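Participant: Here you go, one structure.
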Amino acid sequence: MRMYARVASATVVVLTTVAACSSDEGEAPSADITIEDAWVKASDEGMTSAFGTLSYDGAEPIAITSVTSPAANRVELHETIMGEDGQMMMQEISGGFTIDAGGELLLEPGGDHFMLMGLIQPIEPGDVVTFAATLDNGDTFTFEATAKSYAGANESYHDDE
């Protein structure tokens with residue numbers, strides 16, 4: 001049984017509102033986050049990355065501290081940096097991704113991204129992958145991203161020799 005469904009559309013725009021963890025009386029959520037143009041790089045095995053543009057309309061900065069997905073054993077928040085040897089390298093970012101009040105966070109190949117580690121099964125073009133993100137205030141939000149073929153941004157890891 002597939003953990004994510006096939007879809008005909010190559011591009012999915014998902015707008016997701018943060019659901020306050022402590023709210024069980026239908027109160028308005030404490031923050032609104034949306035993601036546009038969410039996508040995942042198709043991959044046969046190992047690891048892959050998720051991208052998109054996150055927008056936040058809250059009054060104070062907020063941080064995404066962790067992300068999970070049923071498509072992978074773990075998801076790390078990665079930044080891409082220039083290594084001492086002049087090569088671009090990925091590394092897990094400490095403290096998560098901060099989004100300024102009224103700001104955006106661009107997740108893109110060669111830049112910040114969500115890294116899916118230990119894929120459960122291949123992610124093929126057209127598959128839809130579900131994610132759950134946790135914020136520094138304890139709120140969570142979910143979103144979906146459609147997989148597509150992409151051959152660029154093949155950075156190495158900071159630990160790679």
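The values are calculated or read from the model by the stated rules, or taken from the named source; none is laboratory data. Bear in mind the structure is a predicted one, so any value in this text is a computation, not a measurement. As a convention, Cβ positions derive from the backbone with ideal geometry for all residues, glycine included, and neighbour counts pool all protein chains shown.
Participant: Just name the residue that is modelled with the lowest pLDDT out of those in the stretch 106-117 that are surrounded by fewer than 18 Cβ atoms within 10 Å (Cβ to Cβ) and either among the aliphatic types (A, V, I, L, M) or more than 13 Å from the chain's Cα centre (by Cα) (or both).
Facilitator: Once the filter is applied, the top-ranked residue is G110.
Participant: Also, I was wondering about something else. Answer with yes or no whether P125 is in a loop (DSSP other than H, G, I, E, B) and under 12 Å from the mean Cα position of the chain (by Cα).
Facilitator: no
Participant: Would you check which residues across the stretch 40-65 are touching a His at 6+ places or on another chain (Cβ under 6 Å) and among the aromatic types (F, W, Y) and list them?
Facilitator: F51
Participant: Condition (residue is modelled with pLDDT of 95 or more, among the aromatic types (F, W, Y) and not in a loop (DSSP other than H, G, I, E, B)) applied to the stretch 137-145: is it met by at least one residue?
Facilitator: Checking the stretch 137-145: at least one residue is modelled with pLDDT of 95 or more, among the aromatic types (F, W, Y) and not in a loop (DSSP other than H, G, I, E, B).
Participant: Take A71 and decide whether it is out of contact with any Pro (no Cβ under 6 Å at 6 or more places or on another chain), surrounded by 18 or more Cβ atoms within 10 Å (Cβ to Cβ) and among the small types (G, A, S).
Facilitator: It is true that A71 is out of contact with any Pro (no Cβ under 6 Å at 6 or more places or on another chain), surrounded by 18 or more Cβ atoms within 10 Å (Cβ to Cβ) and among the small types (G, A, S).
Participant: Among the residues of the stretch 121-146, which ones are under 11 Å from V67 (Cβ atoms), surrounded by fewer than 21 Cβ atoms within 10 Å (Cβ to Cβ) and not hydroxyl-bearing (S, T, Y)?
Facilitator: A132
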